[in-house]
Amino acid sequence: MKKIDHIGVAVRDLDKALSLYRDVLGMAIGGTDEVPAQKVRLAFVPVGDTRLELLEPTQADSNIAKFLESRGEGVHHIALEVEDIEGALARLKEKGVRLINPEPVKGAHNTRIAFLHPKETNGVLLELVEQPADPPHG
């Protein structure tokens with residue numbers, strides 16, 4: 001694990017949330033993206049060496065929509081950057097860690113991601129993130 005890549009925050013209205021961070025808190029807004037496979041629209045807000053990832057559901061059956069329905073807005077997950085996601089997943093499987101994604105899936109900005117089951121990680125949803133060879137800025 002190299003570092004905390006980002007902290008995911010579930011929001012009901014991405015534009016309203018961006019207004020808070022940009023207009024009220026004076027923070028720069030990084031790149032935005034939509035990940036159809038995850039059924040989310042998102043934006044990154046850089047904070048020092050990490051980022052906040054604001055996540056708005058695009059469909060009522062998305063994991064983020066379900067999270068918002070049961071828990072409301074707030075911290076959804078912590079993402080840890082890894083250099084080799086396949087290797088990290090293989091090591092976790094060898095140790096018997098339950099994975100939500102046993103294989104990497106496409107994430108925002110051409111990343112490859114996988115989630116660990118929160119029952120294995122003290123109730124915290126952890127995401128592994130492998131950055132593309134030439135990551136976008138933002």
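The values are calculated or read from the model by the stated rules, or taken from the named source; none is laboratory data. The model shown is predicted, which means the values in this text are computed figures rather than measured ones. Here Cβ is always computed from backbone atoms with ideal geometry, including for glycine, and neighbour counts include all displayed protein chains.
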Handout entry: Output for the stretch 100-131, where each listed residue is among the charged types (D, E, K, R) and crowded, with 18+ Cβ neighbours inside 10 Å
Key = 112, 127, 130
Handout entry: Listing of helices (runs of 4 or more DSSP H) fully contained in the stretch 1-99 that carry 1 or more residues being under 12 Å from the mean Cα position of the chain (by Cα), at negative phi and surrounded by fewer than 14 Cβ atoms within 10 Å (Cβ to Cβ)
Key = none
Practice task
Please indicate, with yes or no, whether at least one residue in the stretch 43-57 is touching a residue at least 60 places away in the same chain (Cβ under 8 Å), closer than 19 Å to residue 125 by Cβ and of a type outside the set (A, V, I, L, M, F, W, C).
Solution key: no
Fill in the blank from the handout: Within the stretch 100-132, residues being assigned to a loop (DSSP other than H, G, I, E, B) and over 19 Å from residue 51 (Cβ atoms) number 9
Exercise for the section: Say whether the condition of being at pLDDT 95 or above and under 13 Å from residue 14 (Cβ atoms) is met by at least one residue in the stretch 87-95. Expected result: no
